[in-house]
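The values are calculated or read from the model by the stated rules, or taken from the named source; none is laboratory data. For clarity, every value in this text was computed on a predicted model and none was experimentally measured. With ideal geometry, Cβ positions are generated from the backbone for all residues, glycine too; neighbour counts draw on all protein chains shown.
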Amino acid sequence: MKCISNFTSVIMALMLFSTPVFAQDSVATVIVEKVVTAEISDTTPLIARLVATVEANIATRRDGVVEQVLFQVGDAVIKGQELVRIDDQLVDIQLKNAHAALQSAQAGIKIATARVTLTQNAFERQSGLLGSVAFSKARFDDLQQEAAQATGELSRALAQVAIGQAALERAKYDRKHSVIRAPFDGVVITRNVQPGQYISFGGSVAMLLDMNGLEIEADVPVSLLQGLKVGRALVVNLHNGTRAVATVRTVLPTETLSTRTRPVRLSVDLSDVEPYLIANGKTVTVLVPVSAVRKVVIVPKDALVQGLNGGWMVFVAKDGKAAPRPVTIGQASAGGLEVLSGLIAGDYVVIRGNERLRPDQAINPQDTDGNAILAAKPAKSAG
């Protein structure tokens, strides 16, 4: 039994020693990134939350009975999409009535204009007889009164046209807003109406939330505000190691007396974050600077590989091979992770394809655009 155990140990040892040799026979194409220096400062975690910048109760702009509801809670809708249709039969009747009233008013203008012309002509003829025996003072006064009356009737006819035009515009407005549309892209949070329900002007049909307009709000102690200039990039921990970079947008000029904090709003791009991690009101952790800025070596987080001893390591592209390099990691920054030891600025580390690499395996290093990184290739011999 002891001989069999020793034999097994020898076979396993041969397999372990032969594996790197086999791996070196194949050249792996990998993506690399240059290690750089950056300015960071020590940070402290603060609990913050995602808040919506665009959230609204979608209101109706006319009274009526709901005919159709074209959405469900949780639906993603786009700007201009139909949400609710209100019964528009009465609006169609009002529209026809407004057209007819306007035509009647316009006809009234023609009649009033003709009467003004008639009375003015008669008044002018009578005025021409002034000083002659044919002139009649009573007739002159009557014609003057009739002309004034005809002018007043014309003004009233013009006003009736204006009223008719306003009624027509109102009917067109009600007709247009018989369909309630989404005013922006978003997700439906609540559904407030059902078919057959009467809804009044200004009534809410739905709550709509713009998920693309989320930002972060953090209540920051006054003592830490000095390091939060507008445009400052901060690291945000979303969940289980998922991180994003946020930028200080504004520090609101309101202070909570009991906590001595002020609300800080940060813009954040969440387009690459898993949807289940994004929600209005979700808590996140913001790493707020607490010390002066210092210059450190930064490594991309995608370059890190879990080492055998539980620590971290990276593969450095050197002389056409993947050279393993144990590293000690410090704090996170907007550009990556601080390296306390193991790397220097200018090293090329593998950020894609590193999970399959073997120590000293031959590699073909490229940048993210697919260009060969010549600086990481082996130098040609002088012979």
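On the given criteria, is A112 of a type in the set (A, V, I, L, M), without any contact (Cβ under 8 Å) to a residue 60 or more places away in the chain, closer than 30 Å to Q94 by Cα and surrounded by 13 or more Cβ atoms within 10 Å (Cβ to Cβ)? Here the answer is yes, as A112 does meet what is asked. Scanning segment 182-230 for residues that are over 24 Å from A292 (Cα atoms) and of a type in the set (D, E, K, R) yields D185, R191, D210, E215. Out of all the residues in segment 196-225, which are out of contact with any Pro (no Cβ under 8 Å at 6 or more places or on another chain), under 25 Å from D63 (Cα atoms) and either of a type in the set (K, R) or in a strand (DSSP E or B) (or both)? Selection gives Y198, I199, S204, V205, A206, M207, L209. Between Q103, Q144, the distinction of being modelled with pLDDT of 85 or more, surrounded by 12 or more Cβ atoms within 10 Å (Cβ to Cβ) and in a helix (DSSP H, G or I) belongs to Q103 only.
Would you say V314 is in a strand (DSSP E or B) and touching a Gly at 6+ places or on another chain (Cβ under 9 Å)? Spelling it out, V314 is indeed in a strand (DSSP E or B) and touching a Gly at 6+ places or on another chain (Cβ under 9 Å). For beta carbons closer than 9 Å, sequence separation of 6+ or different chains, a first residue in segment 72-96 that is within 15 Å of R61 (Cα to Cα) and a second that is among the hydroxyl-bearing types (S, T, Y), the qualifying pairs are V84/T60; R85/S178; I86/T60; I86/S178; D87/S178; D88/S178; V91/S178.
Going by the structure shown, is V339 hydrophobic (A, V, I, L, M, F, W, C), farther than 13 Å from T37 by Cα, touching a residue at least 24 places away in the same chain (Cβ under 8 Å) and not assigned by TED's automatic domain parsing to the domain that holds N237?
So V339 fails the test.
Among residues of segment 131-160 that are of a type in the set (S, T, N, Q), those with a beta-carbon under 7 Å from a residue that is modelled with pLDDT under 75 at least six positions away or on a different chain give the pairs Q144/F123. Looking across segment 255-301, the residues that are under 20 Å from the mean Cα position of the chain (by Cα), within 29 Å of V350 (Cβ to Cβ) and not acidic (D, E) come down to V268, L270, S271, V273, L277.
Could you tell me whether Q72 is in a helix (DSSP H, G or I), out of contact with any Leu (no Cβ under 8 Å at 6 or more places or on another chain) and either loosely packed, with under 14 Cβ neighbours inside 10 Å or not assigned by TED's automatic domain parsing to the domain that holds V188 (or both)? In short, no.
Being on the phi > 0 side of the Ramachandran plot and touching a strand residue (DSSP E or B) at 6+ places or on another chain (Cβ under 7 Å) holds for only one residue in R294, R260, and it is R260.
So E169 fits all but one of (1) in contact (Cβ under 8 Å) with a residue 12 or more places away in the chain; (2) closer than 25 Å to D88 by Cβ; (3) not aliphatic (A, V, I, L, M); what number is the exception? Against the list (1) in contact (Cβ under 8 Å) with a residue 12 or more places away in the chain; (2) closer than 25 Å to D88 by Cβ; (3) not aliphatic (A, V, I, L, M), E169 comes up short only on (1). Inspect segment 106-123 for any residue being in contact with a Lys or Arg (Cβ under 6 Å, 6 or more places away or on another chain) and either outside the structural domain of G164 (by TED's automatic domain parsing) or farther than 13 Å from G164 by Cβ (or both) and give the result as yes or no. For segment 106-123, residues in contact with a Lys or Arg (Cβ under 6 Å, 6 or more places away or on another chain) and either outside the structural domain of G164 (by TED's automatic domain parsing) or farther than 13 Å from G164 by Cβ (or both): absent. Inspect segment 77-84 for any residue being aliphatic (A, V, I, L, M), in a loop (DSSP other than H, G, I, E, B) and modelled with pLDDT of 80 or more and give the result as yes or no. Checked segment 77-84: at least one residue is aliphatic (A, V, I, L, M), in a loop (DSSP other than H, G, I, E, B) and modelled with pLDDT of 80 or more.
Just one of the listed residues (V193, V188) is modelled with pLDDT of 95 or more, surrounded by 15 or more Cβ atoms within 10 Å (Cβ to Cβ) and not in a strand (DSSP E or B), namely V193. The set of residues in segment 364-383 that are modelled with pLDDT of 50 or more and loosely packed, with under 10 Cβ neighbours inside 10 Å comprises D369, G370, N371, L374.
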